[in-house]
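Worksheet: one structure, shown below.
Derivation of every value follows stated rules applied to the coordinates shown; laboratory data play no part. What you see is a predicted model; the values in this text were computed from it and never measured. Ideal geometry is used to build each Cβ from the backbone, glycine not excepted, and the neighbour counts take in all protein chains shown.
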Amino acid sequence: METKSNQIIGNALLVLGLLVIFIGIYSLYNVFAAKKEAPQVFKYNSEESVDVDAQNNNDIREETVIDKSRLTDPAYVKSIESQQKDATEELIKNQIGNLFKDIIPQEFIIKFLNLSSWSIFIFILIFAGGKISGLGIKLLKN
């Protein structure tokens, strides 16, 4: 009696595990064959990034007003040099950031992250299906 129930439960677990594995593989195939979109775990809002870019460009274009009568004061000259250095560094950072945006668009990064997260989830699902099938096989052996 006990072996009969073990065989039924073992077969059910084996079928369930294989079903989970095949559904995961089929779903992964559909995503990578472009028949279906990967779930949107990460999203990209293009309107927010445009506003930030415009704001950064406006901040950089503000010019420092130099008081020529204070140019003999070393502390004033150092503060002007420091401001110009900071503005130059900020300009360079923004230009490098814009270069990276041109080379690797944010839409690509978001799609890559979505595909990666989906793949990781499917591989966990396949691993779990394998464990479930393994339990079914152990029950069938006993």
For this session: Putting +1 on Lys and Arg Cβ atoms and -1 on Asp and Glu Cβ atoms, find which of Ser133, Ser82, Ile120 reaches farthest to the positive end of the dipole of segment 71-142.
Result: Ser133
Exercise. Once a ≥ b ≥ c are taken as the square roots of the eigenvalues of the Cα gyration tensor of segment 82-128, is the result rounded (a/c under 1.5), prolate (a/b larger than b/c) or oblate (a/b not larger than b/c)?
Worked result: prolate
